[in-house]
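Asker: Quick one: the structure is below, questions incoming.
The values are calculated or read from the model by the stated rules, or taken from the named source; none is laboratory data. Given the structure is predicted, the values throughout are model-derived calculations rather than measurements. Here the Cβ positions follow ideal geometry from the backbone for every residue, glycine too, while neighbour counts run over all protein chains shown. Accessible surface areas use protein heavy atoms only, side chains included; no ligands, DNA or RNA. Shrake-Rupley method; radii C 1.70, N 1.55, O 1.52, S 1.80 Å.
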Amino acid sequence: MLSEDLEWFITLAELERVGAAAERLHLAQPTLSRMLGRLERRLGVELFDRRGKRIILNEFGRIYYEQARRAQSELDTAAKSIADLNSPANGVVRLSFLHSFGGWLVPQLVGEFRRGSARITFALRQGPAEMVATDVLAGTSDLGIVSPRPSVAGIGWRGLLRQRLALAVPADHRLAGRRQVRLVEVVDEDFIAMHPGFGMRRIVDELCAAADLRPRIAFEASDLVTVAGLVAAGLGVGVLPEEDLGPASSARVAGAKADGRLAGPVLIPLADAGATREVGVVWSAATSAPGAARRFRDFAEGWAQRRGGIP
(Lines give C-alpha, C1' and ligand atoms only; values in the text may rest on other atoms or scores of the structure.)
Protein backbone atom coordinates (compact mmCIF):
# COMPACT_ATOMS: atom_id res chain seq x y z
CA MET A 1 0.00 0.00 0.00
CA LEU A 2 1.49 3.37 -1.01
CA SER A 3 1.07 6.17 1.52
CA GLU A 4 -0.18 8.59 -1.14
CA ASP A 5 -3.15 6.26 -1.78
CA LEU A 6 -4.42 6.49 1.78
CA GLU A 7 -6.13 9.85 2.06
CA TRP A 8 -7.99 9.86 -1.23
CA PHE A 9 -9.00 6.21 -1.02
CA ILE A 10 -10.33 6.54 2.55
CA THR A 11 -12.27 9.68 1.57
CA LEU A 12 -13.73 7.95 -1.49
CA ALA A 13 -14.66 4.84 0.48
CA GLU A 14 -16.45 6.84 3.17
CA LEU A 15 -18.34 9.22 0.86
CA GLU A 16 -19.13 6.59 -1.78
CA ARG A 17 -19.44 9.27 -4.47
CA VAL A 18 -16.61 10.24 -6.79
CA GLY A 19 -17.87 13.79 -7.22
CA ALA A 20 -18.22 14.50 -3.50
CA ALA A 21 -14.83 12.92 -2.75
CA ALA A 22 -13.14 14.90 -5.54
CA GLU A 23 -14.61 18.14 -4.19
CA ARG A 24 -13.40 17.45 -0.65
CA LEU A 25 -9.92 16.50 -1.91
CA HIS A 26 -9.75 19.52 -4.23
CA LEU A 27 -9.26 17.26 -7.24
CA ALA A 28 -10.94 17.10 -10.61
CA GLN A 29 -13.43 14.22 -10.79
CA PRO A 30 -11.73 12.62 -13.85
CA THR A 31 -8.39 12.78 -12.01
CA LEU A 32 -9.80 10.92 -9.02
CA SER A 33 -11.41 8.32 -11.32
CA ARG A 34 -8.06 7.74 -13.02
CA MET A 35 -6.33 7.34 -9.64
CA LEU A 36 -8.86 4.70 -8.64
CA GLY A 37 -8.42 2.92 -11.96
CA ARG A 38 -4.62 2.82 -11.55
CA LEU A 39 -4.95 1.45 -8.03
CA GLU A 40 -7.37 -1.28 -9.12
CA ARG A 41 -5.12 -2.27 -12.03
CA ARG A 42 -2.16 -2.49 -9.67
CA LEU A 43 -4.10 -4.71 -7.28
CA GLY A 44 -5.68 -6.76 -10.06
CA VAL A 45 -9.24 -6.42 -8.66
CA GLU A 46 -12.07 -3.91 -8.54
CA LEU A 47 -12.56 -2.36 -5.10
CA PHE A 48 -16.03 -0.87 -5.59
CA ASP A 49 -19.32 -2.01 -7.06
CA ARG A 50 -20.76 0.72 -9.33
CA ARG A 51 -24.43 1.55 -8.79
CA GLY A 52 -25.30 4.58 -10.84
CA LYS A 53 -23.59 7.64 -9.41
CA ARG A 54 -22.76 5.75 -6.23
CA ILE A 55 -19.86 3.40 -5.63
CA ILE A 56 -19.97 0.86 -2.79
CA LEU A 57 -17.02 -1.04 -1.34
CA ASN A 58 -17.03 -4.71 -2.27
CA GLU A 59 -15.29 -7.51 -0.37
CA PHE A 60 -11.87 -6.58 -1.79
CA GLY A 61 -12.46 -2.90 -1.13
CA ARG A 62 -13.41 -3.47 2.50
CA ILE A 63 -10.15 -5.33 3.11
CA TYR A 64 -8.18 -2.51 1.50
CA TYR A 65 -10.15 0.14 3.42
CA GLU A 66 -9.57 -1.53 6.80
CA GLN A 67 -5.85 -1.78 6.15
CA ALA A 68 -5.73 1.78 4.84
CA ARG A 69 -7.37 3.10 8.01
CA ARG A 70 -5.00 1.09 10.16
CA ALA A 71 -1.99 2.32 8.19
CA GLN A 72 -3.20 5.91 8.40
CA SER A 73 -3.58 5.60 12.15
CA GLU A 74 -0.02 4.22 12.45
CA LEU A 75 1.33 7.06 10.33
CA ASP A 76 -0.55 9.64 12.40
CA THR A 77 0.92 8.13 15.57
CA ALA A 78 4.40 8.18 14.05
CA ALA A 79 3.98 11.83 13.03
CA LYS A 80 2.90 12.76 16.57
CA SER A 81 5.84 10.86 18.07
CA ILE A 82 8.22 12.67 15.74
CA ALA A 83 6.67 16.02 16.64
CA ASP A 84 6.98 15.22 20.36
CA LEU A 85 10.59 14.10 19.91
CA ASN A 86 11.41 17.24 17.95
CA SER A 87 9.75 19.51 20.48
CA PRO A 88 12.24 21.53 22.55
CA ALA A 89 10.13 20.86 25.65
CA ASN A 90 9.80 17.08 25.27
CA GLY A 91 11.59 14.14 23.75
CA VAL A 92 14.77 12.16 24.28
CA VAL A 93 18.36 13.32 23.90
CA ARG A 94 20.58 10.46 22.66
CA LEU A 95 23.98 11.33 24.08
CA SER A 96 27.31 9.54 23.58
CA PHE A 97 30.35 10.48 25.64
CA LEU A 98 33.75 9.34 26.86
CA HIS A 99 33.95 7.11 29.93
CA SER A 100 35.97 9.74 31.78
CA PHE A 101 33.08 12.23 31.56
CA GLY A 102 30.65 9.83 33.22
CA GLY A 103 31.91 10.60 36.71
CA TRP A 104 31.42 14.36 36.69
CA LEU A 105 30.84 16.31 33.47
CA VAL A 106 27.83 14.48 32.03
CA PRO A 107 26.04 14.11 35.42
CA GLN A 108 26.63 17.81 36.10
CA LEU A 109 25.36 18.96 32.71
CA VAL A 110 22.37 16.61 32.62
CA GLY A 111 21.48 17.32 36.26
CA GLU A 112 21.49 21.10 35.84
CA PHE A 113 19.64 20.87 32.52
CA ARG A 114 16.92 18.60 33.87
CA ARG A 115 16.12 21.01 36.68
CA GLY A 116 14.60 23.29 34.05
CA SER A 117 13.56 20.65 31.49
CA ALA A 118 12.26 17.73 33.51
CA ARG A 119 10.18 16.26 30.65
CA ILE A 120 13.26 15.68 28.49
CA THR A 121 14.93 12.32 29.07
CA PHE A 122 18.33 10.98 28.04
CA ALA A 123 19.58 7.79 26.38
CA LEU A 124 23.25 7.56 27.35
CA ARG A 125 26.06 5.65 25.64
CA GLN A 126 29.73 5.55 26.64
CA GLY A 127 32.79 4.64 24.62
CA PRO A 128 36.00 5.86 22.99
CA ALA A 129 36.28 9.05 20.96
CA GLU A 130 36.05 7.19 17.64
CA MET A 131 32.77 5.58 18.72
CA VAL A 132 31.31 8.94 19.75
CA ALA A 133 32.15 10.46 16.35
CA THR A 134 30.75 7.41 14.53
CA ASP A 135 27.54 7.54 16.59
CA VAL A 136 26.74 11.14 15.71
CA LEU A 137 27.62 10.71 12.03
CA ALA A 138 25.49 7.57 11.77
CA GLY A 139 22.55 9.13 13.61
CA THR A 140 22.79 6.64 16.48
CA SER A 141 23.26 9.59 18.84
CA ASP A 142 22.02 13.16 18.54
CA LEU A 143 25.01 14.61 20.37
CA GLY A 144 28.39 13.56 21.72
CA ILE A 145 30.70 14.94 24.39
CA VAL A 146 34.23 14.17 23.36
CA SER A 147 37.89 15.11 23.51
CA PRO A 148 39.85 16.02 21.50
CA ARG A 149 37.92 17.65 18.67
CA PRO A 150 37.23 14.95 16.02
CA SER A 151 39.25 15.33 12.83
CA VAL A 152 36.63 13.66 10.59
CA ALA A 153 34.49 15.69 8.21
CA GLY A 154 30.80 16.37 8.76
CA ILE A 155 30.93 17.00 12.51
CA GLY A 156 29.76 20.20 14.21
CA TRP A 157 31.62 21.32 17.33
CA ARG A 158 31.13 23.65 20.28
CA GLY A 159 33.92 23.87 22.83
CA LEU A 160 32.93 23.47 26.47
CA LEU A 161 36.14 23.54 28.50
CA ARG A 162 39.89 23.07 28.36
CA GLN A 163 41.57 20.82 30.93
CA ARG A 164 45.23 21.11 31.85
CA LEU A 165 47.13 17.85 31.64
CA ALA A 166 49.54 16.44 34.18
CA LEU A 167 52.09 13.67 34.41
CA ALA A 168 50.78 10.98 36.76
CA VAL A 169 53.47 9.25 38.82
CA PRO A 170 53.50 6.86 41.81
CA ALA A 171 53.86 8.40 45.26
CA ASP A 172 57.51 7.31 45.59
CA HIS A 173 58.55 8.48 42.13
CA ARG A 174 61.69 10.62 41.84
CA LEU A 175 59.63 13.49 40.35
CA ALA A 176 56.75 13.34 42.85
CA GLY A 177 57.77 16.58 44.57
CA ARG A 178 58.13 18.67 41.43
CA ARG A 179 55.88 21.66 40.66
CA GLN A 180 55.91 20.92 36.92
CA VAL A 181 57.61 18.55 34.51
CA ARG A 182 58.25 17.92 30.82
CA LEU A 183 57.57 14.60 29.10
CA VAL A 184 61.18 14.31 27.98
CA GLU A 185 62.13 13.83 31.64
CA VAL A 186 60.42 10.41 31.64
CA VAL A 187 61.74 9.26 28.27
CA ASP A 188 63.07 5.98 29.69
CA GLU A 189 60.02 5.06 31.78
CA ASP A 190 57.14 2.69 31.15
CA PHE A 191 53.89 4.42 30.19
CA ILE A 192 50.32 3.54 31.03
CA ALA A 193 48.06 4.73 28.20
CA MET A 194 44.58 4.37 26.80
CA HIS A 195 43.91 1.97 23.94
CA PRO A 196 44.22 3.37 20.40
CA GLY A 197 40.95 4.98 19.33
CA PHE A 198 40.47 6.75 22.66
CA GLY A 199 40.74 10.52 22.76
CA MET A 200 43.39 10.63 25.48
CA ARG A 201 45.55 8.18 23.53
CA ARG A 202 45.51 10.51 20.53
CA ILE A 203 46.42 13.45 22.77
CA VAL A 204 49.30 11.57 24.43
CA ASP A 205 50.60 10.36 21.07
CA GLU A 206 50.60 13.93 19.74
CA LEU A 207 52.32 15.31 22.86
CA CYS A 208 54.99 12.62 22.71
CA ALA A 209 55.56 13.23 19.01
CA ALA A 210 55.98 16.96 19.67
CA ALA A 211 58.53 16.14 22.39
CA ASP A 212 60.34 13.73 20.03
CA LEU A 213 59.54 10.95 22.49
CA ARG A 214 58.61 7.37 21.64
CA PRO A 215 56.88 6.14 24.79
CA ARG A 216 57.32 2.56 25.89
CA ILE A 217 53.71 1.49 26.46
CA ALA A 218 53.61 -1.10 29.23
CA PHE A 219 49.82 -1.24 29.72
CA GLU A 220 46.78 -0.02 27.81
CA ALA A 221 43.42 0.67 29.46
CA SER A 222 39.88 1.64 28.46
CA ASP A 223 39.29 4.34 31.07
CA LEU A 224 41.31 6.98 32.91
CA VAL A 225 40.49 5.59 36.35
CA THR A 226 42.30 2.36 35.41
CA VAL A 227 45.26 4.37 34.10
CA ALA A 228 45.39 6.23 37.43
CA GLY A 229 45.19 2.98 39.39
CA LEU A 230 47.99 1.30 37.43
CA VAL A 231 50.19 4.35 37.87
CA ALA A 232 49.47 4.48 41.61
CA ALA A 233 50.46 0.80 41.82
CA GLY A 234 53.93 1.68 40.49
CA LEU A 235 53.53 0.08 37.06
CA GLY A 236 54.49 3.15 35.07
CA VAL A 237 53.66 6.81 34.45
CA GLY A 238 50.80 8.33 32.50
CA VAL A 239 49.16 11.53 31.35
CA LEU A 240 45.88 12.55 32.99
CA PRO A 241 43.70 15.65 33.25
CA GLU A 242 44.37 17.63 36.41
CA GLU A 243 40.68 17.52 37.36
CA ASP A 244 39.50 14.89 39.78
CA LEU A 245 38.74 11.56 38.05
CA GLY A 246 35.82 10.84 40.33
CA PRO A 247 35.30 8.90 43.58
CA ALA A 248 37.25 5.87 42.38
CA SER A 249 40.47 7.89 42.15
CA SER A 250 41.70 10.49 44.63
CA ALA A 251 44.19 12.14 42.31
CA ARG A 252 46.88 14.30 43.94
CA VAL A 253 46.62 12.28 47.19
CA ALA A 254 49.22 9.56 47.17
CA GLY A 255 49.65 6.65 49.52
CA ALA A 256 47.29 4.04 50.92
CA LYS A 257 43.80 4.50 52.34
CA ALA A 258 42.75 3.15 55.69
CA ASP A 259 41.14 0.09 54.11
CA GLY A 260 44.35 -0.75 52.23
CA ARG A 261 43.21 0.45 48.84
CA LEU A 262 45.59 2.61 46.86
CA ALA A 263 44.81 6.30 46.69
CA GLY A 264 45.44 8.12 43.45
CA PRO A 265 48.78 8.90 41.82
CA VAL A 266 50.61 12.20 42.21
CA LEU A 267 49.74 14.62 39.38
CA ILE A 268 52.47 17.02 38.23
CA PRO A 269 51.40 19.73 35.76
CA LEU A 270 53.01 19.32 32.34
CA ALA A 271 55.09 22.25 31.05
CA ASP A 272 54.98 20.99 27.44
CA ALA A 273 53.32 23.27 24.90
CA GLY A 274 49.77 22.19 24.13
CA ALA A 275 49.44 20.06 27.27
CA THR A 276 45.68 20.55 27.48
CA ARG A 277 42.58 18.54 26.68
CA GLU A 278 39.88 20.35 24.72
CA VAL A 279 36.39 19.08 25.54
CA GLY A 280 33.35 19.86 23.41
CA VAL A 281 29.92 18.79 22.23
CA VAL A 282 29.59 17.36 18.70
CA TRP A 283 26.74 16.59 16.30
CA SER A 284 26.20 15.68 12.68
CA ALA A 285 26.46 18.78 10.51
CA ALA A 286 24.49 17.06 7.75
CA THR A 287 21.23 16.63 9.67
CA SER A 288 19.03 18.78 11.87
CA ALA A 289 19.08 17.68 15.50
CA PRO A 290 15.74 17.11 17.28
CA GLY A 291 14.44 20.03 19.31
CA ALA A 292 15.32 18.46 22.66
CA ALA A 293 18.89 17.87 21.52
CA ARG A 294 19.21 21.43 20.25
CA ARG A 295 17.94 22.69 23.58
CA PHE A 296 20.50 20.65 25.50
CA ARG A 297 23.29 21.73 23.12
CA ASP A 298 22.40 25.38 23.68
CA PHE A 299 22.29 24.79 27.43
CA ALA A 300 25.75 23.18 27.38
CA GLU A 301 27.14 26.14 25.44
CA GLY A 302 25.65 28.58 27.96
CA TRP A 303 27.06 26.49 30.81
CA ALA A 304 30.51 26.68 29.23
CA GLN A 305 30.28 30.45 28.76
CA ARG A 306 29.26 30.96 32.38
CA ARG A 307 32.37 29.12 33.55
CA GLY A 308 34.67 30.77 31.00
CA GLY A 309 34.74 27.87 28.51
CA ILE A 310 36.66 27.72 25.26
CA PRO A 311 35.36 29.07 21.92
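Asker: Here are some conditions: (1) open to solvent by 10 Å² or more (accessible area, probe 1.4 Å); (2) at pLDDT 95 or above. F198 meets all but one. Which one does it not meet?
Answerer: F198 satisfies every listed condition except (2).
Asker: Related question: Pull up segment 135-155, narrow it to residues that are among the hydroxyl-bearing types (S, T, Y) and under 12 Å from the mean Cα position of the chain (by Cα), then point me to the one that is most open to solvent (accessible area, probe 1.4 Å).
Answerer: Looking at residues that are among the hydroxyl-bearing types (S, T, Y) and under 12 Å from the mean Cα position of the chain (by Cα), I get T140.
Asker: Let me ask something else. Please work out which one of (1) in a helix (DSSP H, G or I); (2) open to solvent by less than 40 Å² (accessible area, probe 1.4 Å) is the condition A176 fails and give its number.
Answerer: So A176 meets the others, but not (1).
Asker: Identify all residues within segment 40-55 that are within 19 Å of Q67 (Cβ to Cβ) and of a type in the set (G, A, S); write none if there are none.
Answerer: G44
Asker: Considering only segment 160-192, state which residues are under 26 Å from E278 (Cα atoms), touching a Gly at 6+ places or on another chain (Cβ under 7 Å) and of a type in the set (G, A, S).
Answerer: Result: A168, single match.
Asker: From R158, R164, grab the single residue that is open to solvent by 30 Å² or more (accessible area, probe 1.4 Å), assigned to a strand (DSSP E or B), on the phi < 0 side of the Ramachandran plot and in contact with a helix residue (DSSP H, G or I) (Cβ under 9 Å, 6 or more places away or on another chain).
Answerer: Just one listed residue meets the conditions, R158.
Asker: A follow-up question, please. Going by the structure shown, is A254 open to solvent by less than 60 Å² (accessible area, probe 1.4 Å), more than 23 Å from F101 (Cβ to Cβ) and modelled with pLDDT under 95?
Answerer: Answer is yes for this residue.
Asker: Please go through segment 163-192 and pick out each residue that is closer than 11 Å to P269 by Cα and of a type in the set (D, E, K, R).
Answerer: Selection gives R164, R178, R179, R182.
Asker: Give the residues of segment 264-286 that are touching an Asp or Glu at 6+ places or on another chain (Cβ under 9 Å), assigned to a loop (DSSP other than H, G, I, E, B) and open to solvent by 10 Å² or more (accessible area, probe 1.4 Å), sorted by residue number.
Answerer: If the condition is that a residue be touching an Asp or Glu at 6+ places or on another chain (Cβ under 9 Å), assigned to a loop (DSSP other than H, G, I, E, B) and open to solvent by 10 Å² or more (accessible area, probe 1.4 Å), then G274 is the only one that fits.
Asker: Test of understanding: among E220, E243, E130, which residue is touching a residue at least 40 places away in the same chain (Cβ under 8 Å), farther than 29 Å from T287 by Cβ and out of contact with any Leu (no Cβ under 8 Å at 6 or more places or on another chain)?
Answerer: Just one listed residue meets the conditions, E243.
Asker: Please list, ordered by first then second residue, the pairs with beta carbon atoms under 7 Å, 6 or more apart or interchain, first in segment 167-191 and without any contact (Cβ under 8 Å) to a residue 40 or more places away in the chain, second open to solvent by less than 80 Å² (accessible area, probe 1.4 Å) and among the hydrophobic types (A, V, I, L, M, F, W, C).
Answerer: That search, which allows pairs on different chains as well, returns V184/A211; V184/L213; E185/L175; V187/L213.
Asker: Looking at D205, D223, D212, which is the one that is among the acidic types (D, E), in contact with a helix residue (DSSP H, G or I) (Cβ under 7 Å, 6 or more places away or on another chain) and either within 22 Å of P150 (Cα to Cα) or surrounded by fewer than 15 Cβ atoms within 10 Å (Cβ to Cβ) (or both)?
Answerer: D223
Asker: While we're here: Which pairs do you get when a residue that is under 14 Å from E66 (Cα atoms), found in segment 8-31, comes within reach of a residue that is open to solvent by less than 60 Å² (accessible area, probe 1.4 Å) and among the β-branched types (V, I, T), reach meaning Cβ atoms under 8 angstrom, with the pair 6+ apart or on two chains?
Answerer: That search, which allows pairs on different chains as well, returns L12/V18; L12/I55.
Asker: Among the numbered criteria (1) in contact (Cβ under 8 Å) with a residue 24 or more places away in the chain; (2) over 23 Å from A273 (Cβ atoms); (3) surrounded by fewer than 16 Cβ atoms within 10 Å (Cβ to Cβ); (4) over 25 Å from the mean Cα position of the chain (by Cα), which single criterion is violated by A228?
Answerer: Going through (1) in contact (Cβ under 8 Å) with a residue 24 or more places away in the chain; (2) over 23 Å from A273 (Cβ atoms); (3) surrounded by fewer than 16 Cβ atoms within 10 Å (Cβ to Cβ); (4) over 25 Å from the mean Cα position of the chain (by Cα) one by one, A228 breaks only (3).
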